[in-house]
Amino acid sequence: MARGNLRVLVVDDELPARSRLATMVADVGGWDVVAEAGNGHDALQAVGEHEPDVVLLDIRMPGMDGVEVASHLTALPTPPAVVFTTAYDEYAVQAFETNAVGYLLKPVRRERLLQALERAARVHRWQLNDLINTAPELCARQHISVTSGTGVKLIPVSDVQSFHADQKYVRMVHAGGEALIDESLKTLEQEFEDEFVRLHRNSLVRITAIEELERDDNGQYRVRLSGASDWLPVSRRHASTVKHCLAAVSG
């Protein structure tokens, strides 16, 4: 990305660190700090309001950390470039480098900031997935992002009841209704394996939402979720796993 009048959003939960970084960006020249945010939710709102070109994004923040924020940003039609700022140890920094994710090690130095802004690269979904797989302790996603004409809407994972393959998208059923997301069941299953179980090649459901498991007249396993009247089929391949998960929850 060539140097120019780029719009920069600074995100850090610590005010002194945020102010210092914003001052450094202003001193460098050629970039405008259009907004600051102190947490992940405010950062996503600021992106929608100010449409920054680059987000300087702190990793360690309460509630929603920087990696989760970046994963929601990738759902936007034209996501901003992301440069993480991190005070993590050498192991975590190596994970960033391995996955070609832009980062600045705290305390941020002026020369490194300048280089990062000039070389800012967009963080893609596959980079974040690789990063999480390499160093899973960096973050645990607590929300699923849904894009709409008004920006990004966040659905708490705790509100999600099930995921279903729907042509090239996944239909997500949650407490507030349904939504289509551009993710794969396989990726969702890997990420939330402690909370969800695969019923069928087309269905993934929250374990604690399963109210009843039975066999129909044809010997086919099926489940009924809490608050639902319809039954969902369970493939023979996944039946034993479903029974094991239910036993673990009840036991």
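Restricting the range 126-175 to residues that are out of contact with any strand residue (DSSP E or B) (no Cβ under 8 Å at 6 or more places or on another chain) and in a loop (DSSP other than H, G, I, E, B) leaves a set whose member that is surrounded by the fewest Cβ atoms within 10 Å (Cβ to Cβ) is G149. For the range 73-88, which residues satisfy the criterion of being within 15 Å of L131 (Cα to Cα) and out of contact with any Asp or Glu (no Cβ under 9 Å at 6 or more places or on another chain)? T74, V82, V83, Y88 - these are the residues of the range 73-88 that are within 15 Å of L131 (Cα to Cα) and out of contact with any Asp or Glu (no Cβ under 9 Å at 6 or more places or on another chain).
Restricted to helices (runs of 4 or more DSSP H) entirely inside the range 1-115, those with at least 3 residues that are at pLDDT below 95 and more than 19 Å from the chain's Cα centre (by Cα) are 15-28, 90-98. Within the range 25-56, being among the small types (G, A, S) and either over 17 Å from L113 (Cα atoms) or in contact with a helix residue (DSSP H, G or I) (Cβ under 6 Å, 6 or more places away or on another chain) (or both) holds for A35, A37, G38, G40, A43, A46, G48.
The values are calculated or read from the model by the stated rules, or taken from the named source; none is laboratory data. Since the structure is predicted, the reported quantities are computational estimates derived from the model, not experimental observations. Reconstructed Cβ throughout: ideal geometry from the backbone, glycine too, with neighbour counts over all protein chains shown.
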